[in-house]
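The values are calculated or read from the model by the stated rules, or taken from the named source; none is laboratory data. Only a predicted model underlies this, so the values are computations on that prediction, with no experimental measurement involved. Cβ atoms come from the backbone with ideal geometry, glycine included; neighbour counts cover every protein chain shown. These accessible areas exclude ligands, DNA and RNA; they are computed on the full protein's heavy atoms, side chains included. Shrake-Rupley method; radii C 1.70, N 1.55, O 1.52, S 1.80 Å.
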Amino acid sequence: MNKVLIAGNWKMNGLTGDATREAAALADGVAEVAHVLLMIAPPTTLIHPLRIKLFERGIADRVAVGGQDCHAEVNGAHTGDVSAEMIADLGGSHVIVGHSERRTDHGESDAMVKAKAEAALRAGLVAIVCVGETEAERRGGETLAVLARQVAGSLPEGATVKNTVIAYEPVWAIGTGLTPSTDDIVEAHAAIRATAADRMDATDNLRILYGGSVKPGNAAELLALDGVDGALVGGASLKAADFLAIAAAAPARA
Ligand code: PEP
(Lines give C-alpha, C1' and ligand atoms only; values in the text may rest on other atoms or scores of the structure.)
Protein backbone atom coordinates (compact mmCIF):
# COMPACT_ATOMS: atom_id res chain seq x y z
CA MET A 1 0.00 0.00 0.00
CA ASN A 2 1.03 3.57 -0.71
CA LYS A 3 2.37 5.79 2.02
CA VAL A 4 -0.22 8.20 3.38
CA LEU A 5 -0.07 11.74 1.92
CA ILE A 6 -0.69 14.72 4.17
CA ALA A 7 -1.20 17.79 1.99
CA GLY A 8 -1.50 21.33 3.32
CA ASN A 9 -3.41 24.13 1.63
CA TRP A 10 -2.38 27.52 2.99
CA LYS A 11 -4.97 29.26 0.81
CA MET A 12 -4.41 33.06 0.64
CA ASN A 13 -2.31 33.17 3.79
CA GLY A 14 1.35 33.82 4.37
CA LEU A 15 4.19 36.22 3.62
CA THR A 16 7.86 35.41 3.18
CA GLY A 17 8.47 35.58 6.93
CA ASP A 18 5.89 32.84 7.43
CA ALA A 19 7.67 30.59 4.94
CA THR A 20 10.93 31.07 6.84
CA ARG A 21 9.30 30.33 10.20
CA GLU A 22 7.29 27.33 9.00
CA ALA A 23 10.27 25.76 7.23
CA ALA A 24 12.26 26.00 10.46
CA ALA A 25 9.42 24.47 12.48
CA LEU A 26 8.97 21.68 9.93
CA ALA A 27 12.68 20.93 10.06
CA ASP A 28 12.42 20.41 13.81
CA GLY A 29 9.73 17.74 13.53
CA VAL A 30 9.92 16.13 10.13
CA ALA A 31 12.11 13.23 11.24
CA GLU A 32 9.27 11.96 13.45
CA VAL A 33 6.92 11.58 10.50
CA ALA A 34 9.11 9.66 8.07
CA HIS A 35 6.18 7.25 7.52
CA VAL A 36 4.14 9.81 5.54
CA LEU A 37 4.55 11.99 2.47
CA LEU A 38 4.16 15.71 3.08
CA MET A 39 3.14 18.41 0.61
CA ILE A 40 2.37 22.08 1.18
CA ALA A 41 0.57 24.31 -1.29
CA PRO A 42 1.35 27.87 -0.22
CA PRO A 43 0.13 30.91 -2.17
CA THR A 44 1.88 31.08 -5.56
CA THR A 45 4.02 33.94 -4.26
CA LEU A 46 5.58 31.60 -1.69
CA ILE A 47 6.26 28.51 -3.80
CA HIS A 48 9.81 29.60 -4.55
CA PRO A 49 10.64 31.19 -1.15
CA LEU A 50 9.31 28.14 0.69
CA ARG A 51 11.32 25.81 -1.55
CA ILE A 52 14.46 27.82 -0.81
CA LYS A 53 13.84 27.73 2.94
CA LEU A 54 13.19 23.97 2.82
CA PHE A 55 16.47 23.52 0.93
CA GLU A 56 18.31 25.64 3.49
CA ARG A 57 16.91 23.44 6.26
CA GLY A 58 17.86 20.27 4.36
CA ILE A 59 14.28 19.01 4.08
CA ALA A 60 13.37 19.89 0.49
CA ASP A 61 13.24 16.18 -0.33
CA ARG A 62 10.87 15.55 2.60
CA VAL A 63 8.34 18.32 2.06
CA ALA A 64 7.01 18.72 -1.46
CA VAL A 65 5.61 22.07 -2.53
CA GLY A 66 2.73 22.70 -4.89
CA GLY A 67 0.23 25.17 -6.28
CA GLN A 68 -3.37 25.76 -5.26
CA ASP A 69 -4.67 26.15 -8.80
CA CYS A 70 -3.39 26.46 -12.36
CA HIS A 71 -4.65 27.69 -15.70
CA ALA A 72 -5.33 25.11 -18.39
CA GLU A 73 -3.10 26.82 -20.97
CA VAL A 74 0.72 26.86 -21.05
CA ASN A 75 0.82 30.66 -21.42
CA GLY A 76 -1.07 33.51 -23.05
CA ALA A 77 -3.31 36.50 -22.37
CA HIS A 78 -4.74 35.40 -19.02
CA THR A 79 -4.02 38.23 -16.61
CA GLY A 80 -3.38 37.08 -13.08
CA ASP A 81 -3.34 33.39 -13.90
CA VAL A 82 -0.50 30.92 -13.42
CA SER A 83 0.17 27.89 -15.61
CA ALA A 84 1.10 24.42 -14.42
CA GLU A 85 4.43 24.86 -16.21
CA MET A 86 5.13 27.97 -14.10
CA ILE A 87 4.48 26.01 -10.91
CA ALA A 88 6.82 23.26 -12.12
CA ASP A 89 9.40 25.90 -13.03
CA LEU A 90 9.39 27.09 -9.40
CA GLY A 91 10.06 23.55 -8.19
CA GLY A 92 6.44 22.64 -7.46
CA SER A 93 5.55 18.98 -7.83
CA HIS A 94 1.79 19.03 -7.16
CA VAL A 95 -1.17 21.27 -7.89
CA ILE A 96 -4.62 21.30 -6.31
CA VAL A 97 -7.40 21.70 -8.87
CA GLY A 98 -11.15 22.05 -8.39
CA HIS A 99 -11.02 23.13 -4.75
CA SER A 100 -14.56 24.07 -3.75
CA GLU A 101 -13.46 27.68 -3.17
CA ARG A 102 -12.36 27.78 -6.83
CA ARG A 103 -15.53 26.02 -7.99
CA THR A 104 -17.67 28.51 -6.01
CA ASP A 105 -15.71 31.78 -6.18
CA HIS A 106 -14.57 31.38 -9.79
CA GLY A 107 -17.43 29.33 -11.24
CA GLU A 108 -15.19 26.42 -12.17
CA SER A 109 -17.10 23.57 -13.82
CA ASP A 110 -16.03 19.93 -13.93
CA ALA A 111 -14.87 20.48 -17.52
CA MET A 112 -12.64 23.37 -16.43
CA VAL A 113 -11.24 21.34 -13.55
CA LYS A 114 -10.53 18.47 -15.93
CA ALA A 115 -8.67 20.82 -18.30
CA LYS A 116 -6.59 22.12 -15.38
CA ALA A 117 -5.83 18.58 -14.21
CA GLU A 118 -4.72 17.73 -17.76
CA ALA A 119 -2.48 20.81 -17.70
CA ALA A 120 -0.96 19.53 -14.46
CA LEU A 121 -0.11 16.18 -16.05
CA ARG A 122 1.26 17.93 -19.15
CA ALA A 123 3.65 19.87 -16.88
CA GLY A 124 4.70 16.75 -14.99
CA LEU A 125 2.84 17.72 -11.79
CA VAL A 126 0.67 15.49 -9.64
CA ALA A 127 -2.92 16.73 -9.87
CA ILE A 128 -4.90 16.75 -6.62
CA VAL A 129 -8.47 16.83 -7.90
CA CYS A 130 -11.02 18.00 -5.32
CA VAL A 131 -14.62 16.85 -5.22
CA GLY A 132 -17.32 17.21 -2.61
CA GLU A 133 -20.99 17.88 -2.03
CA THR A 134 -22.58 21.02 -0.62
CA GLU A 135 -24.72 20.98 2.48
CA ALA A 136 -27.89 21.29 0.39
CA GLU A 137 -26.82 18.38 -1.80
CA ARG A 138 -26.15 16.26 1.27
CA ARG A 139 -29.53 17.17 2.78
CA GLY A 140 -31.13 16.28 -0.53
CA GLY A 141 -29.55 12.80 -0.48
CA GLU A 142 -27.49 13.61 -3.56
CA THR A 143 -23.99 13.13 -2.15
CA LEU A 144 -23.01 9.98 -4.04
CA ALA A 145 -24.53 11.22 -7.31
CA VAL A 146 -22.64 14.52 -7.00
CA LEU A 147 -19.38 12.72 -6.29
CA ALA A 148 -19.87 10.36 -9.24
CA ARG A 149 -20.57 13.31 -11.54
CA GLN A 150 -17.62 15.33 -10.30
CA VAL A 151 -15.16 12.44 -10.47
CA ALA A 152 -16.31 11.39 -13.93
CA GLY A 153 -16.20 14.98 -15.17
CA SER A 154 -13.01 16.18 -13.50
CA LEU A 155 -10.50 13.34 -13.82
CA PRO A 156 -7.92 14.07 -16.52
CA GLU A 157 -7.32 11.88 -19.56
CA GLY A 158 -4.19 9.89 -18.84
CA ALA A 159 -4.80 9.80 -15.09
CA THR A 160 -2.80 7.15 -13.26
CA VAL A 161 -2.37 6.37 -9.59
CA LYS A 162 1.04 8.06 -9.80
CA ASN A 163 0.02 11.36 -11.39
CA THR A 164 -3.42 11.87 -9.87
CA VAL A 165 -4.81 12.10 -6.33
CA ILE A 166 -8.45 12.72 -5.47
CA ALA A 167 -9.43 14.76 -2.41
CA TYR A 168 -12.92 14.22 -0.99
CA GLU A 169 -13.83 17.52 0.61
CA PRO A 170 -17.46 17.97 1.65
CA VAL A 171 -17.98 21.71 1.11
CA TRP A 172 -19.88 22.08 4.39
CA ALA A 173 -16.98 20.55 6.34
CA ILE A 174 -14.33 22.97 5.07
CA GLY A 175 -13.29 25.44 7.74
CA THR A 176 -16.40 24.77 9.84
CA GLY A 177 -15.16 22.30 12.45
CA LEU A 178 -17.76 19.84 11.15
CA THR A 179 -16.95 16.43 9.69
CA PRO A 180 -19.13 13.70 8.19
CA SER A 181 -19.69 10.53 10.19
CA THR A 182 -16.95 7.96 9.75
CA ASP A 183 -19.42 5.69 7.93
CA ASP A 184 -20.24 8.49 5.50
CA ILE A 185 -16.55 9.12 4.78
CA VAL A 186 -15.91 5.42 4.13
CA GLU A 187 -18.95 5.25 1.85
CA ALA A 188 -17.91 8.38 -0.07
CA HIS A 189 -14.35 7.15 -0.58
CA ALA A 190 -15.57 3.76 -1.83
CA ALA A 191 -17.94 5.47 -4.26
CA ILE A 192 -15.18 7.78 -5.53
CA ARG A 193 -12.82 4.82 -6.01
CA ALA A 194 -15.52 2.90 -7.91
CA THR A 195 -16.16 5.81 -10.28
CA ALA A 196 -12.44 6.40 -10.78
CA ALA A 197 -12.05 2.72 -11.69
CA ASP A 198 -14.03 3.36 -14.88
CA ARG A 199 -11.34 5.82 -15.96
CA MET A 200 -8.05 4.52 -14.66
CA ASP A 201 -6.30 1.26 -13.78
CA ALA A 202 -5.27 -0.15 -10.44
CA THR A 203 -7.43 2.14 -8.32
CA ASP A 204 -6.61 0.06 -5.24
CA ASN A 205 -3.47 2.20 -5.17
CA LEU A 206 -5.21 5.48 -5.99
CA ARG A 207 -4.71 7.97 -3.17
CA ILE A 208 -8.01 9.42 -2.02
CA LEU A 209 -7.54 12.08 0.65
CA TYR A 210 -10.17 13.25 3.08
CA GLY A 211 -10.38 17.04 3.59
CA GLY A 212 -12.60 19.14 5.81
CA SER A 213 -11.73 20.27 9.35
CA VAL A 214 -8.94 17.75 9.86
CA LYS A 215 -7.17 18.69 13.10
CA PRO A 216 -4.63 17.03 15.39
CA GLY A 217 -7.51 15.91 17.62
CA ASN A 218 -9.48 13.99 14.95
CA ALA A 219 -6.69 13.00 12.55
CA ALA A 220 -6.00 9.54 13.97
CA GLU A 221 -9.63 8.49 13.67
CA LEU A 222 -10.07 9.94 10.17
CA LEU A 223 -6.79 8.64 8.77
CA ALA A 224 -7.45 5.11 10.01
CA LEU A 225 -10.65 4.80 7.99
CA ASP A 226 -10.97 2.30 5.18
CA GLY A 227 -10.13 3.89 1.85
CA VAL A 228 -8.67 7.08 3.37
CA ASP A 229 -5.12 7.50 2.04
CA GLY A 230 -4.29 10.82 3.61
CA ALA A 231 -5.67 14.27 4.24
CA LEU A 232 -5.96 17.66 2.57
CA VAL A 233 -5.62 20.12 5.42
CA GLY A 234 -6.53 23.80 5.29
CA GLY A 235 -6.51 25.80 8.53
CA ALA A 236 -4.46 23.32 10.54
CA SER A 237 -1.70 23.33 7.92
CA LEU A 238 -0.81 26.94 8.74
CA LYS A 239 1.04 25.93 11.90
CA ALA A 240 3.79 23.38 11.38
CA ALA A 241 3.18 21.91 14.84
CA ASP A 242 -0.44 21.07 13.97
CA PHE A 243 0.45 19.89 10.48
CA LEU A 244 3.12 17.59 11.88
CA ALA A 245 0.78 16.34 14.62
CA ILE A 246 -1.73 15.36 11.93
CA ALA A 247 1.03 13.57 10.01
CA ALA A 248 2.17 11.81 13.18
CA ALA A 249 -1.36 10.46 13.64
CA ALA A 250 -1.33 8.79 10.22
CA PRO A 251 -0.88 5.03 10.01
CA ALA A 252 2.44 3.75 8.69
CA ARG A 253 2.16 1.99 5.34
CA ALA A 254 4.85 0.28 3.30
C1 PEP B 1 -9.43 22.94 2.59
O2 PEP B 1 -9.55 24.13 2.38
O3 PEP B 1 -9.06 22.19 1.66
C4 PEP B 1 -9.71 22.43 3.92
C5 PEP B 1 -9.86 21.14 4.07
O6 PEP B 1 -9.82 23.36 4.92
P7 PEP B 1 -9.96 23.06 6.51
O8 PEP B 1 -8.99 21.97 6.84
O9 PEP B 1 -9.65 24.35 7.16
O10 PEP B 1 -11.38 22.61 6.73
When (1) in a helix (DSSP H, G or I); (2) within 20 Å of Ala250 (Cα to Cα); (3) open to solvent by less than 10 Å² (accessible area, probe 1.4 Å) are applied to Gly217, the one that fails is (3)
Going through the stretch 230-247 in order, the residues found to be closer than 25 Å to Val146 by Cα and either open to solvent by less than 10 Å² (accessible area, probe 1.4 Å) or away from the ligand (no atom under 16 Å from the Cβ) (or both) are Gly230, Ala231, Leu232, Val233
Picked from the stretch 71-120 (must be part of a helix (DSSP H, G or I) and of a type in the set (Ser, Thr, Tyr)), the residue farthest from Ala145 (Cα to Cα) is Thr104
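When the stretch 33-58 is examined, which residues are found to be of a type in the set (Gly, Ala, Ser) and in contact with a strand residue (DSSP E or B) (Cβ under 8 Å, 6 or more places away or on another chain)? Full working, then the answer.
Step one: of the stretch 33-58, the residues of a type in the set (Gly, Ala, Ser) are 34, 41, 58.
Within the stretch 33-58, Ala41 is the sole residue that qualifies.
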Of (1) at negative phi; (2) near the ligand (Cβ under 10 Å from one of its atoms); (3) of a type outside the set (Phe, Trp, Tyr); (4) out of contact with any Cys (no Cβ under 9 Å at 6 or more places or on another chain), Gly211 satisfies every one except (4)
Only unsatisfied item for Gly141, checking (1) in a helix (DSSP H, G or I); (2) farther than 20 Å from Ala250 by Cβ; (3) not hydrophobic (A, V, I, L, M, F, W, C), is (1)
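Condition check ((1) open to solvent by 40 Å² or more (accessible area, probe 1.4 Å); (2) touching an Asp or Glu at 6+ places or on another chain (Cβ under 7 Å); (3) touching a residue at least 40 places away in the same chain (Cβ under 8 Å)) across all residues:
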site: Ser154; (1), (2), (3): no, yes, yes
site: Val165; (1), (2), (3): no, no, yes
site: Tyr168; (1), (2), (3): no, no, yes
site: Leu178; (1), (2), (3): yes, no, no
site: Ser181; (1), (2), (3): yes, no, no
site: Leu206; (1), (2), (3): no, no, yes
site: Ser213; (1), (2), (3): no, no, yes
